[in-house]
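All remarks here apply to the structure that follows.
The values are calculated or read from the model by the stated rules, or taken from the named source; none is laboratory data. Note that this is a predicted model, so its numbers are computed, not measured. For neighbour counting, all protein chains shown are included, and Cβ atoms are generated from backbone atoms with ideal geometry for every residue, glycine included.
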Amino acid sequence: MDNQQTVSTAGSVSVPPASVEKHHKYEFFKVVQGYLDEAARVIDLPEYIKTILSQPKNEIIINFPVKMDDGSIRLFKGYRVQHNNLLGPYKGGIRYHEGVTLDDVKALAAMMTWKCALMNLPLGGGKGGVKFDPNKVSRDELQRITRRFFHALGSNIGPDTDIPAPDVGTDAKAMAWAMDTYMNTVGSLFRQSVKGVVTGKPVAVGGTLGREKATGQGLVYTIQEWAEERDFQLGGATLIVQGFGNVGSFTSLILSRLGASTIAVGDHTGYLYNPEGFNPHKLQDYVKKNRSIAGYPGGKTISREEFFKIKADIFIPAALENQIGIEEAKSLQVKLVAEGANGPCSPEGERILIDRGIDILPDVLANAGGVTVSYYEWVQNKRSEHWTLEEVDERLEKAMQRAYREVVELARQKKCSMRVAAYAVALQRIAAAYGERDIFP
Ligand code: NAD
C-alpha cells in the first residue's frame with residue numbers, strides 16, 4: 001500500500017491522489033479473479049463455468065477526439081467492458097477518472113455480474129470509463145466528452161443490450177446527455193422507446209425517484225441488518241467516511257437521520273475531522289458547489305494517516321478501490337467496514353481486518369442498492385410508469401434484506417467470509433442458468 005499523500009490539503013488546493021500511482025501496481029482484476037476462485041471452490045462450481053467467467057465477453061476500447069474550449073483537439077481513451085450477459089443485458093456504471101485502466105474496468109464489470117446475480121436482477125455485468133480528470137475540464141467540455149463517447153459506443157449499448165449508469169466522476173446530468181445522444185443516433189421512430197439506454201437519469205427525463213441516494217440507502221439497509229444482528233445501536237454511533245461524492249454523502253446523510261454522526265471525512269483533496277459531527281446536508285451542498293471538501297469551514301484538517309486511526313464505530317469507504325491495505329487495516333479503530341466503494345479493501349487488508357475481528361459488509365452486497373434501483377428505473381421506462389419514493393424504498397429494503405440474509409446464511413454454512421459468500425450466492429444463480437441452457441452450439 002502506498003499512502004504517500006504527504007500534504008493534508010482539505011483546506012487548500014487539490015493534490016494528485018496517491019491512488020493514481022497505486023493503480024499501475026494494483027491488479028484489481030486479478031484480485032476479483034482470486035475471489036472468484038475461492039467462491040468457486042466453496043460451492044464446487046463446474047470448471048467450465050469458472051473458465052467462461054474468468055474473462056469478459058467483450059472489451060471495447062475507443063480513442064475519440066474532442067474540441068476543447070480553447071479550440072485545441074484532445075484525444076480521450078474510453079472503455080466499455082461487457083463481462084457477462086447470461087442473466088440479461090450488460091449493466092454497469094461509467095467512470096470518469098484520470099486513473100481508469102482496462103484492468104480496473106474489467107474488474108468492476110465482473111463485479112457487476114456478481115452483484116446483479118446476487119440481487120436476483122435479470123441483468124448481466126458491464127462497466128465503462130474514460131481516462132481523464134473531470135474536475136479539470138469545463139461543463140461544456142464535459143458535455144462534449146460525454147456525447148462523443150456515447151456516440152462512439154453506438155450500438156454496442158442499448159436498452160436491451162447494455163445499460164450504463166453513473167459511477168465515479170459521472171452523475172445524473174451526464175446520463176441525461178448520454179440518453180439524448182443515444183436517442184439522436186437511433187432516429188425518430190425509436191426515440192421514445194430507448195429512454196432505458198441509461199439509468200441514473202434526472203427524474204425529469206425518465207429517471208426514478210430514489211436513484212440518486214440508492215447506493216447510500218441500500219448500504220444503510222445492510223448496516224441496519226448488521227446492527228440488528230449484533231445488537232448494536234446506530235443512534236449515537238460514530239462514522240468516518242472516505243469519499244464524499246454520491247455514495248459517501250448520501251450514506252452519511254441517511255445514517256444521520258438514524259442518529260449516527262460523521263466525525264471525519266476525506267476525499268481526493270484531503271481529510272477533515274470534527275468530533276462534534278459534520279452536518280451532512282451542509283457538507284453535501286458544499287461539495288456539490290465546490291466539487292470537493294477542500295476549504296469547508298466545519299472541521300480540522302488532518303492527514304490521511306490520522307484519518308485511518310480515528311476511533312469510530314463504522315468506516316464507510318466510498319471513494320476508490322485499494323484504499324485499505326496492510327497499514328490502514330492495522331490502523332483502523334472501528335467495528336465495521338461497510339463498503340460503499342467497489343474493492344476498497346486489498347486482500348491483505350481484508351485478512352488483517354478479519355483477524356482483528358472487524359466486520360466487513362462486502363461491496364458486491366453492500367453497494368448493490370444502486371444497480372437495484374437502476375433496475376427499477378429501467379422497468380419503469382419499459383412500462384411508462386412512475387413509482388413513488390415509498391414504493392422504491394420499500395422494494396429496495398426488502399431486496400437488500402433478502403440478499404443480506406442469503407449471504408450471511410451461506411457464510412455460516414460454508415464457514416467463509418461474507419465476501420466469498422456474496423460471490424458464491426451469485427455464482428450459484430449463474431451456474432443454475434448455465435446448467436439449464438448449456439453452451440451454444
Ligand atoms: P463520486 O464521483 O460521486 O465520488 C467519489 C468520491 O471519491 C469523491 O468524493 C472523490 O473526491 C473521492 N476520491 C477520489 N479519489 C480519491 C482518493 N484518491 N482518495 C480519497 N478520496 C478520493 O463517485 P460515487 O458514485 O460516489 O462512487 C464512489 C464509489 O462507490 C466507487 O467505488 C463506485 O464504484 C462505488 N459505487 C457507486 C455507485 C453509484 O451508484 N454511484 C454504485 C455502487 C458502487
Test result for E47, more than 21 Å from V247 (Cβ to Cβ) and without any contact (Cβ under 8 Å) to a residue 24 or more places away in the chain: yes
Can you pull out the residues in the range 398-441 that are within 18 Å of N120 (Cα to Cα) and of a type in the set (F, W, Y)? Y404, Y423, Y434
Quick count over the range 32-91, residues being farther than 25 Å from Y434 by Cα, in a loop (DSSP other than H, G, I, E, B) and touching a helix residue (DSSP H, G or I) at 6+ places or on another chain (Cβ under 9 Å), is 2
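Kindly establish whether D160 is more than 21 Å from P202 (Cβ to Cβ) and surrounded by fewer than 24 Cβ atoms within 10 Å (Cβ to Cβ). Give the derivation first.
Values: more than 21 Å from P202 (Cβ to Cβ): yes; surrounded by fewer than 24 Cβ atoms within 10 Å (Cβ to Cβ): yes.
When the stated conditions are applied, D160 passes them.
Given L234, L258, L253, which one is surrounded by fewer than 20 Cβ atoms within 10 Å (Cβ to Cβ) and within 13 Å of the ligand (Cβ to nearest atom)?
On the way: L234 fails: within 13 Å of the ligand (Cβ to nearest atom); L258 fails: within 13 Å of the ligand (Cβ to nearest atom).
Every option except L253 fails the conditions.
For the range 271-366, which fully contained strands (runs of 3 or more DSSP E) count at least 2 residues that are in contact (Cβ under 8 Å) with a residue 60 or more places away in the chain, on the phi < 0 side of the Ramachandran plot and surrounded by fewer than 24 Cβ atoms within 10 Å (Cβ to Cβ)? Break it down into steps so the answer makes sense when it comes.
Details: elements: 300-302, 314-317, 336-338, 359-361.
Filter on the range 271-366 gives 300-302.
Can you confirm whether E276 is away from the ligand (no atom under 16 Å from the Cβ) and within 23 Å of G370 (Cα to Cα)?
In short, no.
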Every residue in the range 143-156 that is under 21 Å from the mean Cα position of the chain (by Cα) and surrounded by fewer than 23 Cβ atoms within 10 Å (Cβ to Cβ), please. none
Given the conditions (1) assigned to a loop (DSSP other than H, G, I, E, B); (2) touching a Leu at 6+ places or on another chain (Cβ under 6 Å), every one holds for A421 apart from (1)
Restricting attention to the range 124-145, the residues that are within 14 Å of the ligand (Cβ to nearest atom), more than 11 Å from K91 (Cα to Cα) and not in a loop (DSSP other than H, G, I, E, B) number exactly 6
Looking at the range 98-118, is at least one residue part of a strand (DSSP E or B), more than 21 Å from D133 (Cβ to Cβ), touching a residue at least 60 places away in the same chain (Cβ under 8 Å) and not small (G, A, S)? no
Failed condition for P56, given (1) modelled with pLDDT under 50; (2) buried (at least 20 other Cβ atoms within 10 Å of the Cβ); (3) more than 20 Å from P134 (Cβ to Cβ), with all others met? (1)
Can you report the number of residues in the range 394-417 which are of a type in the set (A, V, I, L, M) and more than 18 Å from the chain's Cα centre (by Cα)? 4
I'd like to know if the range 173-184 contains one or more residues that are within 16 Å of the ligand (Cβ to nearest atom), in contact (Cβ under 8 Å) with a residue 24 or more places away in the chain, within 17 Å of the chain's Cα centre (by Cα) and closer than 21 Å to V287 by Cβ. yes
Restricting attention to the range 407-425, report how many residues are over 20 Å from C345 (Cα atoms) and crowded, with 23+ Cβ neighbours inside 10 Å. 1
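Scan the range 389-397 and tell me whether some residue there is assigned to a loop (DSSP other than H, G, I, E, B) and modelled with pLDDT of 95 or more. Full working, then the answer.
We begin by selecting, within the range 389-397, every residue assigned to a loop (DSSP other than H, G, I, E, B); these are none.
No - not one qualifying residue is present in the range 389-397.
Do we have any residue at all in the range 312-327 that's within 15 Å of the ligand (Cβ to nearest atom) and over 27 Å from A109 (Cα atoms)?
First, pick out the residues of the range 312-327 that are within 15 Å of the ligand (Cβ to nearest atom): 315-325, 327.
Those still in the list that are over 27 Å from A109 (Cα atoms) too: 327.
Yes: one or more hits.
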I'm trying to understand the selection: among the residues of the range 214-267, which are under 19 Å from I360 (Cβ atoms), assigned to a loop (DSSP other than H, G, I, E, B) and hydrophobic (A, V, I, L, M, F, W, C)? F232, L234, A237, A260
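So, K382, is that one without any contact (Cβ under 8 Å) to a residue 60 or more places away in the chain, exposed (fewer than 15 other Cβ atoms within 10 Å of the Cβ) and in a helix (DSSP H, G or I) or not?
Values: without any contact (Cβ under 8 Å) to a residue 60 or more places away in the chain: no; exposed (fewer than 15 other Cβ atoms within 10 Å of the Cβ): yes; in a helix (DSSP H, G or I): yes.
Spelling it out, it is not the case that K382 is without any contact (Cβ under 8 Å) to a residue 60 or more places away in the chain, exposed (fewer than 15 other Cβ atoms within 10 Å of the Cβ) and in a helix (DSSP H, G or I).
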Restricting attention to the range 237-250, which residues are more than 20 Å from V287 (Cβ to Cβ) and buried (at least 22 other Cβ atoms within 10 Å of the Cβ)? none
Just checking, which of T185, T101, T199 is of a type in the set (S, T, N, Q) and crowded, with 20+ Cβ neighbours inside 10 Å? T199
